[in-house]
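The values are calculated or read from the model by the stated rules, or taken from the named source; none is laboratory data. None of these values were measured; they are calculated from a predicted model. Reconstructed Cβ throughout: ideal geometry from the backbone, glycine too, with neighbour counts over all protein chains shown. The protein model used for the area step is the full one, side chains on, heavy atoms only, and it has no ligands, DNA or RNA in it. Shrake-Rupley method; radii C 1.70, N 1.55, O 1.52, S 1.80 Å.
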Amino acid sequence: MNREDIIRMALEVGLPHWYHTDGIVNEERVIAFANLVASAEREACAKWCETLTFIDGTGTAEAFADEVRNRGQE
């Protein structure tokens, strides 16, 4: 999810916006909120990954959890 995605979604749900520019009111706060939500969701997914057991011996649950957490660094 990038800045453009966040703004598009904010407009889709009808968050207040400037009518003359169609820009989001308090855009930085909306983006900060979206980043917090995304971070919390990544962490929840990573914790779930850590509970997995692989019967075929490929990969590790910890490696998958790290990959999920690292998505926030992109």
I need every pair where a residue in the stretch 27-44 that is open to solvent by less than 50 Å² (accessible area, probe 1.4 Å) has its Cβ under 6 Å from the Cβ of a residue that is in a helix (DSSP H, G or I), sequence separation at least 6 or different chains. Val30/Ala10; Ile31/Ile6; Ala34/Ile6
Taking the stretch 47-68 and keeping only residues that are under 23 Å from Arg3 (Cβ atoms) and either aromatic (Phe, Trp, Tyr) or modelled with pLDDT of 85 or more (or both), one is left with none
Residue list for the stretch 1-26, restricted to those being hydrophobic (A, V, I, L, M, F, W, C) and either within 16 Å of the chain's Cα centre (by Cα) or surrounded by 11 or more Cβ atoms within 10 Å (Cβ to Cβ) (or both): Met1, Ile6, Ile7, Met9, Ala10, Leu11, Leu15, Ile24, Val25
Among the numbered criteria (1) at pLDDT below 80; (2) closer than 27 Å to Arg69 by Cα, which single criterion is violated by Asp5? (1)
